[in-house]
1. Can you find, within region 16-51, the residue that is modelled with the lowest pLDDT among those that are of a type in the set (Asp, Glu) and more than 13 Å from ARG68 (Cα to Cα)?
2. Which ranges mark the helices (runs of 4 or more DSSP H) fully within region 30-148 that have 1 or more residues being more than 12 Å from the chain's Cα centre (by Cα) and basic (Lys, Arg)?
3. I need the full set of residues from region 153-165 which are of a type outside the set (Lys, Arg) and over 20 Å from LYS116 (Cα atoms), in order please.
4. Give GLY51, GLY30 a once-over and let me know the one that is surrounded by fewer than 14 Cβ atoms within 10 Å (Cβ to Cβ) and within 17 Å of GLU101 (Cβ to Cβ).
Amino acid sequence: MLDKLKQITTFIFDVDGVLTDGNVLVTETGEQLRTFNTKDGYALQLAVKMGFNLCIISGGSSLGILKRMNGLGIVDVYLGVQHKLSVYSNYVKNNNLHPKEIIFIGDDMPDIPTMKLVGLAACPANAANDIKEISHYISPYNGGAGVARDIIEKVLKIQGKWLVTNPDASDGGKV
């Protein structure tokens, strides 16, 4: 797997169950609220600053997701996606990417078709069993509890890009 990590230029993440714990709090007005891990946030914004491509493909469509991802510097955010494979195919084509450069992190059934096409498929510890069976890497962390940090840190470390001389303490949150 270490050789595969050396080739990664692009991270593609699902949101619910990967960047969040999969729980959605629905307010009385219908607003859907999620929580995100700040350690994941730090790693995501660092990967952007280090020149990696980051893409979000999610069935969820909350404005909060878009604001959080944009605050971390992630501009390729696709929400409300019914079929992730078509968005993935367009993203790969438009960015002139090769599947071996891509790691996709998913946790449930809608992620399977895309995960089967990438160079490295990864998932959280609490992913669905069908996802674990096709994953090249299963993080010891659950969704929303550091899985993004774990995976990004591994890739950046193997590529010699993890330690920065003057790290930015911002995780992309807005005051």
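1. Here is the first cut: in region 16-51, the residues of a type in the set (Asp, Glu) are 16, 21, 28, 31, 40.
So of that shortlist, the ones also more than 13 Å from ARG68 (Cα to Cα) come out as 16, 21, 28, 31.
Working: ASP16: 95, ASP21: 96, GLU28: 95, GLU31: 87.
My answer is GLU31.
2. Numbers: elements: 38-49, 63-71, 84-94, 112-115, 129-134.
Output list reads 38-49, 63-71, 84-94, 129-134.
3. Filtering region 153-165 down to residues of a type outside the set (Lys, Arg) leaves 153, 155-156, 158-160, 162-165.
Within region 153-165, GLU153, LEU156, ILE158, GLN159, GLY160, TRP162, LEU163, VAL164, THR165 qualify.
4. On the way: GLY30 fails: within 17 Å of GLU101 (Cβ to Cβ).
The match here is GLY51.
Here's the yes/no breakdown for (1) farther than 26 Å from HIS98 by Cβ; (2) in contact (Cβ under 8 Å) with a residue 60 or more places away in the chain; (3) crowded, with 22+ Cβ neighbours inside 10 Å:
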{"residue": "ASP3", "(1), (2), (3)": "no, no, no"}
{"residue": "GLN7", "(1), (2), (3)": "no, yes, no"}
{"residue": "ILE12", "(1), (2), (3)": "no, yes, yes"}
{"residue": "THR20", "(1), (2), (3)": "yes, yes, yes"}
{"residue": "VAL24", "(1), (2), (3)": "yes, no, no"}
{"residue": "THR38", "(1), (2), (3)": "yes, yes, no"}
{"residue": "TYR42", "(1), (2), (3)": "yes, yes, no"}
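The values are calculated or read from the model by the stated rules, or taken from the named source; none is laboratory data. These figures come from a predicted structure and were not determined experimentally. Counting neighbours? That spans all protein chains shown, and the Cβs are built from the backbone with ideal geometry, glycine included.
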